[in-house]
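S.K.: Below is a structure I'd like to ask you about.
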Amino acid sequence: IVELTNGDATRVKISRALNHLKGKATKDSLFTFYFSGHGTENGELDLGREKLPARVLICALKEFRGRILLILDGCFTDSLADAAQVLPHYAMIGHSTKAYEGFRDTILLNPNMPFTEAIRGHTTRAIVKALEEQSGGINIAELVEKVKDDRYIRSKSQEVIHRFNTEIRLRTMLNS
């Protein structure tokens, strides 16, 4: 498992991690690429100071052996679905709309001075909830239907998309 968060998630570090993992993948591997953050309408993942274009990510994934699961909890990530169709065995969960919950007042250091911030992550929470409720394993298509039915996602009219050309099942390995 390679985890790159916040300032460590740069184009260069993501490319290095993908190249490293690509060498370890076998035809029986399941590679999961998870992203939670901002997405742009033209298919870029916003990494903060820079963006990761869909074509760069998909090009890096083209040579992976085995199956690929893309979980993209960000706005307009359906833009990547078009690019991902060149991958031989993949499934993708993403959004064709904005993927945010809205705004809430947040109190951090000073309880007398709250500020408003955008809150994201409904898709991630819905996926975790569905996996926790499932014993054994779950098919990605079934998982997407559970995520679409999540009350928070429905209330925000977020459109969750699922594109695939291979069947992928996940086993739940969450800590209790």
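S.K.: Students often forget the sequence filter, so: which lysines lie under 26 Å Cα-Cα from K146 once same-chain residues fewer than 8 apart are removed?
M.R.: List returned: K98, K129, K156.
S.K.: Once you order the gyration tensor axes a ≥ b ≥ c over the Cα atoms, which shape class does region 1-79 get: rounded for a/c under 1.5, otherwise prolate or oblate by comparing a/b with b/c?
M.R.: Verdict is prolate for region 1-79.
S.K.: Right, here's the next one. What are the residues whose amide H is under 5 Å from the amide H of G121, where those residues sit 5 or more places off or on another chain and H is modelled from the backbone?
M.R.: Residues meeting the amide H criterion: E101.
S.K.: A further question follows. Spin-label point model (7 Å from Cα, Cβ direction): what's the N42 to K13 distance in nm?
M.R.: Label-label distance for N42 and K13, simple model: 2.6 nm.
S.K.: Using modelled backbone amide H atoms (1.01 Å from N, in-plane), which distant-in-sequence or interchain residues come within less than 5 Å of I93's amide H?
M.R.: L70, I71, L72
S.K.: Still on this model: Output wanted: per-residue J couplings in Hz (rounded whole) for region 62-70, from phi through Karplus 6.51 cos²θ - 1.76 cosθ + 1.60, θ = phi - 60°, x for Gly and Pro.
M.R.: 4, 8, 5, 8, x, 9, 10, 10, 9
S.K.: Right, something else. Given a Förster distance of 22 Å, report the FRET efficiency between R65 and N165 from their Cβ-Cβ distance, rounded to the nearest 0.05.
M.R.: For R0 = 22 Å, the calculated efficiency reads 0.90.
Throughout, read-outs are computed from the coordinates displayed, never taken from laboratory work. Note that the structure is predicted; figures quoted are calculated from it, not measured. No Cβ is skipped: glycine too gets one built from the backbone with ideal geometry, and neighbour counts run over all protein chains shown.
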